[in-house]
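Structure first, then comments.
The values are calculated or read from the model by the stated rules, or taken from the named source; none is laboratory data. Quick caveat, the model's predicted, so the values are computed rather than measured. Ideal geometry is used to build each Cβ from the backbone, glycine not excepted, and the neighbour counts take in all protein chains shown.
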Amino acid sequence: MEPLRLRIKRRLEVYLELDIDGIRKFVINILLELKKVTVDMLYREINKKFKVSYSAVASTLGYIHSKLGILHAFKESYKTPTVYSLKEEYVDLIKSALVNKKPISIS
């Protein structure tokens, strides 16, 4: 069985390879910059550059949290929004995946 960090790195690389319009890379960069976000905060940041729906942003954050495993989710009570934060142990891995991002070749 391969180590968890290696599996997460591979998932992140595949996630970024499938980034056609740059939104995924933009989201990861925002997460690196802000460290903690809510869906609303991320929605406002993304809509400065891209036209996306609120539900698409929520779905993206949920996917990154559940499938990539680089986020921690915290909800203080049922009335407060979920706060997503980067797991510090993966920051170096995320930065290296962003630098090594290979463009998709469509032939």
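For the stretch 17-43, the candidate set comprises residues that are β-branched (V, I, T) and touching a residue at least 24 places away in the same chain (Cβ under 8 Å); within that set, the residue that is nearest to G62 (Cα to Cα) is V39.
The residue list E88, E2, E33 contains one member that is modelled with pLDDT under 90 and not hydroxyl-bearing (S, T, Y), which is E2.
Within the set R5, R44, R24, R10, the sole residue that is surrounded by 18 or more Cβ atoms within 10 Å (Cβ to Cβ) and either among the charged types (D, E, K, R) or in a loop (DSSP other than H, G, I, E, B) (or both) turns out to be R24. Would you say K51 is over 10 Å from the mean Cα position of the chain (by Cα) and not in a helix (DSSP H, G or I)? Yes; evaluated as a whole, the condition is true for this residue. In the stretch 60-67, is there at least one residue being at pLDDT 90 or above, β-branched (V, I, T) and closer than 17 Å to Y84 by Cβ? Looking through the stretch 60-67, at least one residue is at pLDDT 90 or above, β-branched (V, I, T) and closer than 17 Å to Y84 by Cβ.
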